[in-house]
Every structure is written in structure tokens, then in C-alpha cells.
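Everything below concerns the one structure shown next.
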Amino acid sequence: MTSVDEPKTVAERYSIAIKSSNLRVSAYRFGDADLIIAAGCAPDTLGASLVRLRGEYDGLKAQHRAAESRLQAQLAEAQTKTGDRPANPSPLPTPAALTARQKKAAAIKDATNAALTERALILSHLSGLHSTKAALGRHAVVLATKTRFMRPNRDALILAGRVLDVFLNPNCPHCSGRMFTGGGRHEDSGPQVICRPCGGTGKRRGALGKDDEERRFAGGLLSDIEQKASQFEQQVARHMRERD
């Protein structure tokens, strides 16, 4: 999502418009109703569904992280006041006793588990997930035939679900899309450490299939729906400019 000072994107404005209680059409200003009308004029309904779902996902993700930050701040404040320290019930060795490789493996595992938990919580609250996933599944089956992905429809549907997950949250959980996990550009930061789980791409694309054929199909499907979402946003933006 954009910051407070940046203008909202088409996707963000669309996600706000579909929840708006003011759907009056005015001849003097472009409102939420006009944006919904513009979205309805787009020929590709799948692109609209994808953009709407991604906007909903980003909104819930921001709310989840804000709530988590508040909770952590409250816990830290409470511990400071009482002098308590969080207990370590784990029988595992303390971080100081671990080797560098063990600590890195533990950090990667923790980041993966945290990302999986966050995505599961957010996905469970997405109102448009079921309908969008069903529409994407139908599209994936058709695309499998066109691209000669010679696997059962069930495999195409499974991959479609993974593609949708990556579409909604494309950044690598280990580096948060930064492509490196240590170091920086400043002299005191040291050399940059390339993120190994994503290979320095900052993306989760590598988890889309277990063999070359699955990865080829899933990669093509992901590129296809990204293009559909982009075309939808461009069509709505064009309509907004014409209306203004």
C-alpha cells in the first residue's frame, strides 16, 4: 500500500470504492460510484476480481501488522514497568551457544513460520477469496489446454491456488523483497548479504512447482494474471482521466 502522503493507486481507490456508503453520481466530481462503473466497463472480469482481492489482502495485512506492532509495544512497556523478562521455555540451546549456520537456519525457519501464519490469518478473512479462486481455477484449466500442460485438471487447480498466493503476497518472507538479508549501502553496514532462499530476487516465484513443467505452467499463469490485473488498472485509470 502507498504511504499517507502518496496518492492512492487505482487498486487502493477501487478497494475503498466497493465499500463506500456514498454511491451518488455527480456531474462535478469523480466519485466512488464512477469508479465502480468504470470497473464494470472493463471487459475482463477476472482482472477486476484479482485487483479487488489484492486490495482487500493489502488492507487486512496492514491492519494485522499495525495490531501486532501495538501489541509488541504494549508488552515491551509492561515488561519495562515490571522488570519482567520473557521466559524461554524452549529446551533448545540459547542463541549464544548456536553456531552461525544453526542461527541462520533457525532465523529462516522462524521467518517462514511467521509468514505462513500471517498469510493464513489474512486469507481466512478475505471475503472475495472463494469466488476469485474459483474463477482463476477455471482460467487455469483453459490455459493448461492452450499451453499443453499435460497434467490432470486437479494439478492445474492446485498450482492456480499457489499462483494466487504468490500474486497476493509476492515478496520473499526472509528478506521482505529487499533481495538481501544483511549489510547495506552505508560504509558501516558491511557488504550486502544476498538472500539465499529467494536467490536475491526478492520474490517467491521459486515455490510454484515441483518440476520444470509445473514451474513453466505456473510461471506463465502468474505472468498472465499479473497482466490482466495491470490491464484492468490501466482501463480504469483511462476512464477516470476521460471522466475528469
Original post:
Among the residues of segment 131-151, which ones are of a type in the set (G, A, S) and touching a Ser or Thr at 6+ places or on another chain (Cβ under 9 Å)?
Top reply: S131, A135
Subject >> Residue that is surrounded by the most Cβ atoms within 10 Å (Cβ to Cβ), among those in segment 144-183 that are closer than 23 Å to K133 by Cβ and of a type in the set (V, I, T) >> reply: V163
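Table: residues versus (1) modelled with pLDDT under 75; (2) at positive phi.
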{"position": "D188", "(1), (2)": "yes, no"}
{"position": "R196", "(1), (2)": "no, no"}
{"position": "G200", "(1), (2)": "no, yes"}
{"position": "R204", "(1), (2)": "no, no"}
{"position": "R216", "(1), (2)": "no, no"}
{"position": "F232", "(1), (2)": "no, no"}
{"position": "R238", "(1), (2)": "no, no"}
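The values are calculated or read from the model by the stated rules, or taken from the named source; none is laboratory data. Owing to the predicted nature of the structure, the values given are computational and were not obtained by experimental measurement. Cβ: placed from backbone, ideal geometry, glycine included. Neighbour counts: every protein chain shown.
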